[in-house]
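What follows is calculated from the coordinates using simple rules that are stated; it is not laboratory data. Bear in mind that the values here come from a model prediction, so they are computed numbers and not experimental data. Cβ atoms come from the backbone with ideal geometry, glycine included; neighbour counts cover every protein chain shown.
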Amino acid sequence: QVQLVESGGGLVQAGGSLRLSCAASGNIFSINNMGWYRQAPGKQREMVAIITRGGNTYYVDSVKGRFIVSRDNAKNTVFLQMNSLKPEDTAVYYCNADVRSSWDGSQRAYWGQGTQVTVSS
């Protein structure tokens, strides 16, 4: 079994910054892609940022130039630095990791429990 534990959400004023962290633990042989998704009330979950094991990054257009995704492979941790936050960034942010199990070699995606980010105007 694999667990993803997120931290760093909260309430911030527009223009401010927050840093999210997500640590994976459990029966992990390796992790391919890691990333962040978000879901605002009444909307579908959307991809925010993804980082490959090799460090290639992908962002949704609305956060390009403001958010930075990074990872520490040795600690199985992914980060999301969010700058110049806007009220429309308000959502529950979920961590995602594509994990190969050290127990049976299977590969599947895991999700964190979600962390609330609220940006006030």
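What to note about this one:
- Couplings for segment 3-15, taken from phi via the Karplus curve 6.51 cos²θ - 1.76 cosθ + 1.60 with θ = phi - 60°, read 10, 10, 10, 9, 8, x, x, x, 9, 9, 7, 4, x Hz in order; Gly and Pro are left as x.
- Between amide H atoms placed 1.01 Å from N, distances below 5 Å from F67 occur with N83, all of them 5 or more places distant or on a separate chain.
- Dividing the mean sequence gap of close Cα pairs (under 8 Å, 6+ apart) by how many residues the chain holds gives a relative contact order of 36 percent.
- Candidate cross-link partners of K43 among the aspartates and glutamates, defined by an alpha-carbon separation under 16 Å and a same-chain spacing of 8 or more, comprise E88, D89.
- Cross-link reach list, lysines versus K64, counting only Cα pairs under 17 Å and skipping chain neighbours closer than eight places: K86
- The distance linking segment 96-112 with segment 22-41 is 9 Å (Cα centroid to Cα centroid, whole angstrom).
- Along the axis of the charge dipole computed for the chain (Cβ charges of +1 for Lys and Arg, -1 for Asp and Glu, origin at the Cα centre), the listed residues Y59, A91, W36 are led at the positive end by Y59.
- What you get for the chain, charging only the Cβ of Lys and Arg (+1) and of Asp and Glu (-1), is a dipole of about 100 debye around the Cα centre.
- Spatial extent of the chain: Rg and Dmax, with the Cα atoms as the point set, Å: 14.2, 48
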